[in-house]
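Some notes on the structure that comes next.
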Amino acid sequence: MSPSEALVRFENVQKSYDGEILVIKDLNLDIQKGEFLTMLGPSGSGKTTCLMMLAGFEPATSGEIYLENQPINCVPPHKRGIGMVFQNYALFPHMTIGENLAFPLEVRKMSKSEREIKVKKALDMVQLSGFADRRPAQLSGGQQQRVAVARALVFDPDVVLMDEPLGALDKNLREQMQYEIKHIHERLGVTVLYVTHDQSEALTMSNRVAVFDDGIIQQLAPPDVLYEQPENAFVADFIGDNNCLLGTVISEAEKSCVVKTDDGSEIEANKVNTAGVGSRSTLSIRPERVIINPEAGQVPNMFQATAEELIYLGDHIRTRMTVCGSNNFFVKIPNSSHHANLNKGDTVTIGWNEQDCRALNASD
Amino acid sequence: MSQSSSTLKTADGSLQMADGSSLKANLERSLRRRKRNALLLVAPLFLFILITFLVPIFDMLIRSVDNKITAEILPTTIPLLANWDAKSGKLPDESVFKAFINDAQIANKAKIINRLGKRLNYEKSGTSSLFRKTGRKLKKLDPEKLTSTYKDALIKIDKKWANIAIWQLIQRESGRYTNSHFLSAVDTENSPDGIKWKDEDSQIYLNLFKRTLWLSFLITFLTVLLGYPIAYLLASLKTKTSNLLMILVLLPFWTSLLVRTSAWIALLQKEGVINDVLVTIGLISEDGRLAMIHNQTGTIIAMTHILLPFMILPLFSVMKTINPSYVRAARSMGATSFTAFRRVYFPNTVAGIGAGGILVFILSIGYYITPALVGGTQGTLISNFIAYHISESLNWGLAAALGTLLLLLVLALYILYDKVVGIDNMKLG
């Protein structure tokens, strides 16, 4: 990625509100033209701060932000030409939907006829033609959300920022809106920077996801890579269901290593992010990669486990087991015709592949 | 059929209780019971307001047109006088004079004749002393031993009784109700030729109404001007800081009105703090001390200060509800901060300005104590004159008429406000 390709570039950006704590610690991020990039992280991880710095509502404490290779630290928000969708929609209550959409065009001194065409086009895009004369309060949450998206796009910005735009919607509507926003992005080819704390939202919509924690991007990767090849314990734990086993590295090969858990079990793992023999490491195993009753020799890691709790979830049975000293080890048993019938307290052999068990940095 | 406590559907589609009574009627009965209980809760307050507030107001409204005193004191004279043609240019008949002396003597014994004199004195000065003198002299007069006519006897007591005007006045004010208080309240009076303006130098109330309206508008405008930025600051600060500042706004509320007004006197008077400072720094000379109190300036300054919280509080509560992302959204769409304020923030605060404005305006239109203390002659308002007529001149009829006009004025402005801004847009918190 050469700098010239990137539409938006954060370069060594730091941010502190109180002069004591860095909310953003040395952020470097390139956003490509036409990309849908999501910032994902728990609340307080600094993702919204990034968005506010890009929009111009918060100054960066140090470092520089570039938009189309132009530094924009000193450009006021209204000259940045960045569209923004807010969590609570921020539709102006005293204006009709039509006036709301016309507002960005009006302040750009666009002629009335041109405005009308654009507003109509934008309303058509979000399937709300005929709503122009209504007030925001007369619309449902989902409709308001669509208007907010249309308003952020109506003046053809290069970049659209979305700050948890679906947070106030119920689950079904949220999923539907995820697809709609995704389709609008694909159709218009606009660059979207999206902030959310909902991982399924991030995985559904994005080209790339930046996982934020503690003011640092923990990993920046496409959704599938993020899920299957997490680079550290935080990402492994934050994205999807995950089992953690803590241990000490006792031997290392080029791509693999052996980790000895605290109860003495030795596990062969995929070496990803360890600090050498003798160091502590977190092993990450996805629940769906655990095999019940594997045949002898099928997998290198086989252990005796006790079923502690079974939760029926329809398509699968979530089972909590005690294995390798951890009593918080979850296994997904698919609800297929020949699935293993376990009862609480049963002992069973479980196992997993070396590839599916990633040795990561030691988390606390 | 098991229907112990469950409802069941009857043939015509309405639901019945287990005991056969209609469910609908039962529900209505329980709703009525709840409403009655709710009414019982407000009943004490309602009675209190009725007795101590609404009844006196109604009584005052009645007083503004009430005129039964003439008919009470001159019960036999009035019917006879009614037949007299006031424009004939001649005095009334002997019978009227006879009846008048008769009535007057009875009233004199009851010691109430001076009341009528006083009442009629509002219409024509000199009448009060005429009645007093007549009353005094009538004590010695014995109608049985009268040598002349009743007419001559009365004229002998005071020549003014030979003046047609006094009889015209009594005839005009003989009705159960009078419009004369309202006419005086708008600087007009009755005359034999109909309603006419009072003499130029006794016209005061219209100007007073105009001044009251103008000063109220000005004070309302000033409170908006001063209160808006404060409310904005309070609404945009962190809760901890804004609570502290809010206490500073509310502090005057918790101080006696009298103390606050007196403080302004200490600050603004000729030998006061502000003048002293200005003289000390040489901005004005010792002789050029500014007159900032006991005139309109004093009223405006003190009332603006005292009424400011009534503007700040509704403004603050409205601004508090304005989502900060509105302005951000406007900015992100390309509006300068001024445009964002003008097009997005300000329109959303109009409800608060309306609420605060109507509150301050109505309060100041009837404000009494501050203008009385710091207003001098040029800074007093209509309410000061109402108070004067209630407690000093004791012309309650005129005071009631002025009060009624003030009430109607406020109602008219309220309706106007409703038409222009819409009362639903008003937010008090």
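If Rh is defined by the Kirkwood formula over all Cα pairs and Rg also comes from Cα, what ratio Rg/Rh do you get for the stretch B:85-146?
Radius of gyration relative to Kirkwood radius: 1.00.
With N denoting the number of residues in the stretch B:205-425, provide Rg(C-alpha) divided by 2.2 N^0.38 Å, to two decimal places.
1.19
What FRET efficiency, computed as 1/(1 + (r/R0)^6) with R0 = 51 Å and r the Cβ-Cβ distance, is obtained for B:W254 and B:I62, rounded to the nearest 0.05?
0.85
Just to check I understand the Karplus step: with θ = phi - 60° and J = 6.51 cos²θ - 1.76 cosθ + 1.60, what whole-Hz values come out for the stretch A:334-342, glycine and proline as x?
Those phi angles translate into x, 7, 9, 5, 10, 5, 5, 8, 9 Hz.
How far apart, in nm, are the 7 Å Cα→Cβ label points at A:S336 and B:E200?
Modelled inter-label distance: 11.1 nm.
Would you look at the GNM of chain B, springs on alpha carbons closer than 10 Å, and say which of B:L373, B:L54, B:L406 moves the most?
Its mean-square fluctuation being the largest, the pick is B:L54.
For A:V75 and A:K112, what does the FRET efficiency come to when R0 = 25 Å and r is the distance between their Cβ atoms, rounded to the nearest 0.05?
Once the sixth-power term is evaluated, E becomes 0.30.
Which whole-angstrom value gives the distance between the alpha carbon centres of the stretch B:254-317 and the stretch A:268-309?
The two parts, judged by their Cα centres, are 82 Å apart.
For the residue pair A:L188 and B:I284, what label-to-label distance in nm results when each label sits 7 Å from Cα along the Cα-to-beta-carbon direction?
Once both label points are built, they end up 6.2 nm from each other.
If you take the charge dipole of the stretch A:90-189 about its Cα centre, with +1 on Lys and Arg Cβ and -1 on Asp and Glu Cβ, which of A:Q176, A:V126, A:L166 is farthest toward its positive end?
Working it through, the farthest residue towards the positive pole turns out to be A:V126.
For a bin width of 10 Å, list the pair-distance distribution of the stretch A:299-364 built from all Cα-Cα distances, rounded to whole %.
The distribution over the stretch A:299-364 is 19, 48, 28, 4, 0, given as percents.
With all protein chains present and a 1.4 Å probe, how do A:Y179, B:Y150, A:Y89 order by accessible area, largest first?
Reading off the accessible areas and sorting them downward yields A:Y179, B:Y150, A:Y89.
Expressed in whole Å with the largest first, what are the equivalent ellipsoid semi-axes of the protein assembly as shown derived from the C-alpha gyration tensor as the square root of 5 times each eigenvalue?
After diagonalising the Cα gyration tensor, the semi-axes are 87, 36, 25 Å.
Taking θ = phi - 60°, what integer Hz values does the Karplus form 6.51 cos²θ - 1.76 cosθ + 1.60 yield along the stretch B:277-284, in sequence order, with x for Gly and Pro?
4, 5, 5, 4, 7, x, 6, 10
Just the Kirkwood number for chain B, please: inverse of mean 1/r across all distinct Cα pairs, in Å, one decimal.
27.9 Å
Under 20 Å Cα to Cα from B:K133, which lysines show up? Leave out anything in the same chain fewer than 8 places away.
In chain and number order, the partners are B:K98, B:K109, B:K111, B:K118, B:K124, B:K151, B:K156, B:K159, B:K160.
Compute the signed sum of charges (Lys and Arg +1, Asp and Glu -1) over the other residues within less than 15 Å, Cβ to Cβ, of A:D18.
Net of charged neighbours comes to +2.
Would you calculate the convex hull of the Cα atoms in the stretch A:174-247 and tell me its volume per residue in Å³?
So the per-residue hull volume is 96 Å³.
Once label points are set 7 Å from the Cα along Cα→Cβ at both A:I250 and B:V42, what is their separation, rounded to one decimal in nm?
Output for this residue pair reads 8.1 nm.
Against the empirical 2.2 N^0.38 Å scaling, what ratio does the C-alpha Rg of the stretch B:33-122 come to?
In units of the 2.2 N^0.38 Å rule of thumb, it is 1.85.
Less than 14 Å Cβ to Cβ from B:W396, Lys/Arg counted +1 and Asp/Glu -1: what total charge do the surrounding residues give?
The answer is +2.
Quickly estimate the mean residue ellipticity at 222 nm for chain A, helices only: each DSSP H run with n ≥ 4 gives -39500 (n - 2.57), and the total goes over all residues, rounded to 500.
It comes out at -7000 deg cm²/dmol, rounded to the nearest 500.
If you wrap the stretch B:140-264's Cα atoms in a convex hull and average its projection over all directions, what's the area in nm²?
16.2 nm²
Working from Cα positions, state the angle (0 to 90°, nearest 10) between the long axis of helix B:346-365 and the longest principal axis of chain B.
Roughly 30 degrees, rounded to the nearest 10.
How much accessible surface area, in Å² rounded to 10, belongs to the heavy atoms of A:D356 with a 1.4 Å probe?
40 Å²
For B:L258, tell me the accessible area in Å² from a 1.4 Å probe, rounded to the nearest 10.
90 Å²
When the solvent-accessible surface of protein heavy atoms is calculated with a 1.4 angstrom probe, in what order do B:K111, B:K137, B:K198 fall, highest first?
Descending order: B:K111, B:K137, B:K198.
So what J values fall out for the stretch B:243-254 if you push phi through Karplus, 6.51 cos²θ - 1.76 cosθ + 1.60 with θ = phi - 60°, rounded to Hz, Gly and Pro as x?
Calculated HN-Hα couplings, in order: 5, 4, 5, 4, 4, 5, 5, 7, 3, x, 4, 8 Hz.
Assuming 1.002 mPa s and 20 °C, estimate D for the stretch A:234-360 with Stokes-Einstein, Rh taken as the Kirkwood radius over Cα pairs, in µm²/s.
Rounded, D is 144 µm²/s.
In vacuum, with every alpha carbon of chain A counted as one equal point scatterer, what does the Debye formula give for log10 I(q)/I(0) at q = 0.11 Å⁻¹? Two decimals, please.
For the requested q values the scattering log ratios are -0.85.
The values are calculated or read from the model by the stated rules, or taken from the named source; none is laboratory data. Everything quoted here is computed from the prediction, not taken from an experiment. Note: ideal-geometry Cβ built from the backbone for every residue, glycine included; neighbour counts use all protein chains shown. With ligands, DNA and RNA removed, areas are computed over all heavy atoms of the protein, side chains included. Shrake-Rupley method; radii C 1.70, N 1.55, O 1.52, S 1.80 Å.
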